[in-house]
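Note sheet for the following structure.
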Amino acid sequence: MADNLVRIQPKRLTGEESIHSDDQPLGLNILDFWSWSSSDLVSNATRGVFAEFLVARSLNIPLDGVRDEWGAYDLKTPEGITVEVKSAAFVQSWTQSRLSQIIFRIPRTRAWNAETNILENESRRQAQVYVFALLAHEEKSSIDPLNINQWRFFVLSSKQLDNRTRSQHSITLRSLESLAGSGISYSEIREAVLRAAKE
């Protein structure tokens, strides 16, 4: 492989970097872009990334790096536990006729290696532990993803998911609650993940 085609290693930005034309500032910076593109934390895509951020912080994962969008799993704890984060919400940004039904997709996947651009042959769950992050608040007028008390979290090991007799592609909230209970708070995530990794 040519040296000029190897993987780009992203550098962490501060938000102050100028958008420019050959070093001539255009009066815009990266913070302007982030505010424009990522302010709707209720939207599915942004909420999912925000949930990963919350779980990373709860697990004491350093936040001085850059999120790996194409990693086989979402997070790796200081203890080496691999974690997949799934997010859902009752309330959506768009007009709704009813609250959304909660279903998390959990299919086995073939891991892709960004260094080699090669897919693994075997489909499997890439992470040891799954954290299901539910934005559980049900009132549009007061929904606030920044309020961690509006979230509920559920933690299961991949082994528990693999041992299910029902669908291996998705899990409903009812099924999740039957396996993991009624959910835990933000402050309880780390202990639950460490416990699940030992199963």
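The values are calculated or read from the model by the stated rules, or taken from the named source; none is laboratory data. These numbers come from a predicted model, not from an experiment. Here the Cβ is made from the backbone with ideal geometry for all residues, glycine too, and neighbour counts use every protein chain on show. The protein model used for the area step is the full one, side chains on, heavy atoms only, and it has no ligands, DNA or RNA in it. Shrake-Rupley method; radii C 1.70, N 1.55, O 1.52, S 1.80 Å.
Annotations
- Of all lysines in the structure, those lying under 24 Å Cα to Cα from K140, and not within fewer than 8 positions of it along the same chain, are K86.
- Listed by chain and number, the aspartates and glutamates whose C-alpha is less than 15 Å from the C-alpha of K159, apart from same-chain residues fewer than 8 away, are E84, E199.
- Label-reachable residues, segment 176-190, where backbone N falls under 13 Å from a point 7 Å from N147's Cα toward its Cβ: none
- Spin-label model, A45 to R57: label points 7 Å out along the Cα-to-beta-carbon direction sit 2.3 nm apart.
- Residues in segment 163-199 reached by a label modelled at E79 [backbone nitrogen below 19 Å; 7 Å Cα→Cβ]: 180, 184-199
- 10 Å Cβ shell holding at most 11 others, DSSP loop, chymotrypsin sites (Phe, Trp or Tyr not before Pro): longest site-free stretch of the chain: 95-199
- Expressed as a whole percent, the accessible area of segment 32-125 that falls on carbon and sulfur atoms is 52 (1.4 Å probe).
- One Cα centroid belongs to segment 40-112, the other to segment 117-137; the line between them spans 10 Å.
- Based on Cα contacts under 8 Å between residues 6+ apart, the chain shows a relative contact order of 18 percent.
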